[in-house]
Amino acid sequence: SGHMDRTIKRLINKINYQGSIYWEDKETSLKMKARPDFVKTHKDIIVDVKTAIDGSKEAFGKAIGNNDLWLQAAMQIEGVVASGLMDKVDAYYWLVVEKKPPFNATIYHFQPDDIAWALDNLAYYKKLLADAIKSNSFVGYTQQADNQYGIVSVELPAWIKTNF
């Protein structure tokens, strides 16, 4: 615990609390906003603080997917650069603090390959949104259909089948 406490102190030492960041996306002209918790501009680092009932790697991994934390992170990374706050982002960390004693704290590093994937998906979503605004047509999940009727196929999840 002492080693982790020292690591966390080093990570958040000389860090700037950052309010909202605004920019206009060059590709889509969408007005964008992000709010990173902490930026360390002299080290090109973003730290996002999350609280959790379970801060384990497995549970937080699920939270990243279930709560689209990867998309939030991509917007923060894009935003600090597009707004001119930082020239680049060398590292993005989630500092996860459990809500109950002993309040375990863990630093999770968002991996560069995953950041690239997240930024690609953010670009895709921005284009979808810009196209929907332009055509005033918001289609929802029917875009996943593989037929002209907009009917989406669904399969039973494997976990259902393995329980029987």
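The values are calculated or read from the model by the stated rules, or taken from the named source; none is laboratory data. Fair warning: this is a prediction, and the values are worked out from it, not measured in the lab. Cβ sites come from the backbone with ideal geometry, for glycine too, and all protein chains shown count toward neighbours. Just the protein is used for accessible areas: all its heavy atoms, side chains included, with ligands, DNA and RNA removed. Shrake-Rupley method; radii C 1.70, N 1.55, O 1.52, S 1.80 Å.
A compact table of results
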| quantity | calculated |
| --- | --- |
| Top-ranked residue in segment 61-78 [being touching a residue at least 40 places away in the same chain (Cβ under 8 Å) and in contact with a Leu (Cβ under 8 Å, 6 or more places away or on another chain); ranked as farthest from residue 21 (Cα to Cα)] | 71 |
| Residue 57 vs. criteria at pLDDT 95 or above, in contact with a Phe, Trp or Tyr (Cβ under 6 Å, 6 or more places away or on another chain) and not aliphatic (A, V, I, L, M) | no |
| Per-region count, segment 72-90, residues exposed (fewer than 14 other Cβ atoms within 10 Å of the Cβ) and in a helix (DSSP H, G or I) | 0 |
| Close pairs (9 angstrom Cβ cut-off, 6 or more residues apart or separate chains): closer than 20 Å to residue 8 by Cβ in segment 105-122, open to solvent by 80 Å² or more (accessible area, probe 1.4 Å) and of a type outside the set (A, V, I, L, M, F, W, C) anywhere | 105/1; 106/57; 108/57 |
| Residue 60 vs. criteria surrounded by 10 or more Cβ atoms within 10 Å (Cβ to Cβ), of a type outside the set (A, V, I, L, M) and in a loop (DSSP other than H, G, I, E, B) | no |
| Residue list for segment 86-125, filter: within 28 Å of residue 29 (Cα to Cα), at pLDDT 95 or above and in contact with a strand residue (DSSP E or B) (Cβ under 8 Å, 6 or more places away or on another chain) | 89, 90, 91, 92, 110, 115 |
| Qualifying residues in segment 20-39 (those that are at pLDDT 95 or above and open to solvent by less than 40 Å² (accessible area, probe 1.4 Å)) - the one nearest to residue 84 (Cα to Cα) | 23 |
| Any hit, segment 26-37, residues being out of contact with any Gly (no Cβ under 7 Å at 6 or more places or on another chain), on the phi < 0 side of the Ramachandran plot and small (Gly, Ala, Ser) | no |
